[in-house]
Amino acid sequence: VQLQASGGGLVQAGGFLRVSCAVSGDTFSRYSMAWFRQVPGKEREFVAAIRWSGGHTYYGDFVKGRFTISKDVAKNAVDLQMNSLNVEDTAVYYCAAGRPILSNLRQKAAYYYWGQGTQVTVSS
């Protein structure tokens, strides 16, 4: 499975961005998809996930209703719409695919495949 992230960039605080992850090499619907983010010197942090079965969505506590993860089945892609961005959201955002169970869905070790990351920078 290959994951290709895109859509990062520079945005002012309070603005919005949409990052996307194109999936190829296997049946898209077999995997739960997730976004993580990482800043230098810190652990990779769970942002959001959408389960392969049922499409239920899950978010990191810091999201507070600002982000929305969704699947675009026609494009074999998963999107992360990020609104009300703040400086603390600056990071490299990574998409991931796997078959986690509910109890480890927020853990990066539960995902088999990773994209290359896309930089999101929020300026004050």
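Residue count for region 13-33, restricted to those that are charged (D, E, K, R) and open to solvent by less than 70 Å² (accessible area, probe 1.4 Å): 1.
Looking only at residues in region 71-109 that are assigned to a loop (DSSP other than H, G, I, E, B) and among the hydrophobic types (A, V, I, L, M, F, W, C), which one is surrounded by the most Cβ atoms within 10 Å (Cβ to Cβ)?
Residues of region 71-109 assigned to a loop (DSSP other than H, G, I, E, B): 76, 83-86, 90, 99-101, 105-107.
Filter again for among the hydrophobic types (A, V, I, L, M, F, W, C), leaving 85, 101, 105.
Numbers: Leu85: 21, Ile101: 9, Leu105: 18.
The selected residue is Leu85.
Is at least one residue of region 110-117 of a type in the set (S, T, N, Q) and either open to solvent by 60 Å² or more (accessible area, probe 1.4 Å) or touching a residue at least 60 places away in the same chain (Cβ under 8 Å) (or both)? There is at least one residue in region 110-117 that is of a type in the set (S, T, N, Q) and either open to solvent by 60 Å² or more (accessible area, probe 1.4 Å) or touching a residue at least 60 places away in the same chain (Cβ under 8 Å) (or both).
Looking only at region 34-43, how many residues end up being open to solvent by less than 60 Å² (accessible area, probe 1.4 Å) and either within 17 Å of Asp79 (Cα to Cα) or not polar (S, T, N, Q) (or both)? The qualifying residues number 5. Summed over region 4-25, residues that are of a type in the set (Gly, Ala, Ser) and either modelled with pLDDT under 95 or within 12 Å of the chain's Cα centre (by Cα) (or both) total 8.
Is one or more of the residues making up region 45-65 open to solvent by less than 50 Å² (accessible area, probe 1.4 Å), assigned to a loop (DSSP other than H, G, I, E, B), over 28 Å from Ser124 (Cβ atoms) and free of Cβ contacts under 8 Å to residues at least 40 places away in the same chain? Steps first, please.
Start the filter on region 45-65 by keeping residues that are open to solvent by less than 50 Å² (accessible area, probe 1.4 Å), which leaves 46-50, 55, 58, 60, 62-63.
From what's left, assigned to a loop (DSSP other than H, G, I, E, B): 55, 60, 62-63.
If we keep only those that are over 28 Å from Ser124 (Cβ atoms) as well, we get 55.
In the following step, the residues that additionally are free of Cβ contacts under 8 Å to residues at least 40 places away in the same chain were identified as 55.
Within region 45-65 (the criterion being open to solvent by less than 50 Å² (accessible area, probe 1.4 Å), assigned to a loop (DSSP other than H, G, I, E, B), over 28 Å from Ser124 (Cβ atoms) and free of Cβ contacts under 8 Å to residues at least 40 places away in the same chain), the answer is yes, since at least one residue qualifies.
Whether any residue in region 89-99 is free of Cβ contacts under 8 Å to residues at least 12 places away in the same chain and not small (Gly, Ala, Ser) is what I want to check. No, region 89-99 has no match at all.
Any idea how many residues of region 110-124 are under 13 Å from the mean Cα position of the chain (by Cα) and assigned to a strand (DSSP E or B)?
Of the residues in region 110-124, 6 are under 13 Å from the mean Cα position of the chain (by Cα) and assigned to a strand (DSSP E or B).
The values are calculated or read from the model by the stated rules, or taken from the named source; none is laboratory data. As the structure is a computational prediction, the values presented were derived from the model and not from experiment. We place every Cβ from the backbone using ideal geometry, glycine too, and count neighbours over all the protein chains shown. These area figures cover heavy atoms from the full protein model, side chains too; ligands, DNA and RNA do not enter into them. Shrake-Rupley method; radii C 1.70, N 1.55, O 1.52, S 1.80 Å.
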